[in-house]
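Structure, as structure tokens:
The values are calculated or read from the model by the stated rules, or taken from the named source; none is laboratory data. Note that this is a predicted model, so its numbers are computed, not measured. Methodologically, a virtual Cβ is constructed for each residue, glycine included, from the backbone with ideal geometry; neighbour enumeration extends over all protein chains shown.
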Amino acid sequence: MKEEYADYLLKKNKKDYDLIADAFSKKREKIWPEMKFLFDDYLIPGEKVLDLGCGNGRFYELTKEKKVSYIGVDISEKLIKIAKERYPEVKFLTADALNLPFPNNYFDKVYAIALLHHIPSKEYRLKVLEELKRVLKEEGLLFLTVWNLLKNKKAKKLLLKYSFLKLTGFLKFDFKDILYPWKDLNGRVLAQRYFHIFNIKELGKILATAGFKVEKFFQNDNIIVIARKLPL
């Protein structure tokens, strides 16, 4: 994918999530049960924790009793506004995952839940992971999840559609890229969100390239990876 088109998709992501922020937040009130163990089993009191792509801040609920220093970051200003209204005592920032406003070796743990599949182009996905490695302390842990879209019938149909368009030269996407519609309660499409469809092999390869060692992975409706920052 050409850089200028990837930049367009990044801007589109931000615009889309600002557009659907209120409806999206309402659909994300509850915490996905399959994610709870990532917080319950791994957080240690006193740690610094980054929740990248935090949305409305819902995962903060799983950190409160752990007595950690939590910071939530999202590219959508409207979602960050919602997060601040929900949790006024918490630090939330609007920032770009490609250029995080934190020093090197700052966080003990980084959570990137349902984020990487929205990053267009292999180059930008690698850059995001390199940023996460940069802000993680030595031996720090990354908890990364993406939608397991190959289990989603609608996504598989979209994959066939966009693959055909790519083969016929009518598409600037990379292979395994799709636009997935976000609909309101009346069935109207409010946004066409960009997704890259991952499998565990591709995730493992790009994490290794960025300097992470995959320690565990799980697959259900999501692909969940626990990876450790490798020493230089």
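A few comments on the model shown:
- Residue within the range 157-178 that is in a strand (DSSP E or B) and hydrophobic (A, V, I, L, M, F, W, C) present: yes
- For the range 96-122, a residue qualifies if it is within 14 Å of the chain's Cα centre (by Cα), crowded, with 16+ Cβ neighbours inside 10 Å and more than 17 Å from PHE143 (Cβ to Cβ), and exactly one does: PRO120.
- Matching residues in the range 1-14 - criterion: being in contact (Cβ under 8 Å) with a residue 12 or more places away in the chain and exposed (fewer than 13 other Cβ atoms within 10 Å of the Cβ): LYS2, GLU3
- Residue match in the range 96-116 (condition: part of a helix (DSSP H, G or I), closer than 23 Å to ASN148 by Cα and modelled with pLDDT of 95 or more): yes
- Residues of the range 156-164 include none that is hydroxyl-bearing (Ser, Thr, Tyr), over 25 Å from LYS26 (Cβ atoms) and loosely packed, with under 13 Cβ neighbours inside 10 Å.
- Taking the range 196-232 as the range and being assigned to a helix (DSSP H, G or I), touching a residue at least 40 places away in the same chain (Cβ under 8 Å) and of a type in the set (Val, Ile, Thr) as the test, the residues that pass are ILE206, THR209.
- Some residue of the range 30-40 being of a type in the set (D, E, K, R), under 28 Å from LYS166 (Cα atoms) and over 18 Å from the mean Cα position of the chain (by Cα): no
- Here the range 132-152 is the region considered, the condition is being within 13 Å of the chain's Cα centre (by Cα) and modelled with pLDDT of 95 or more, and the residue that is nearest to ASN13 (Cα to Cα) is VAL146.
- The listed residues are LYS64, LYS36, LYS78, and the only one of them that is touching a helix residue (DSSP H, G or I) at 6+ places or on another chain (Cβ under 7 Å), at pLDDT below 95 and among the charged types (D, E, K, R) turns out to be LYS36.
- Qualifying position, being more than 24 Å from ASP18 (Cβ to Cβ) and in contact with a Gly (Cβ under 8 Å, 6 or more places away or on another chain), among LYS161, LYS67: LYS67
- When residues of the range 97-114 are limited to those that are touching a residue at least 24 places away in the same chain (Cβ under 8 Å) and out of contact with any helix residue (DSSP H, G or I) (no Cβ under 8 Å at 6 or more places or on another chain), the one farthest from LYS14 (Cα to Cα): ASP108
- Per-region count, the range 184-195, residues in a strand (DSSP E or B) and without any contact (Cβ under 8 Å) to a residue 24 or more places away in the chain: 1
- Taken over the range 123-137, the residue count meeting the criterion of being crowded, with 20+ Cβ neighbours inside 10 Å and assigned to a strand (DSSP E or B) is 1.
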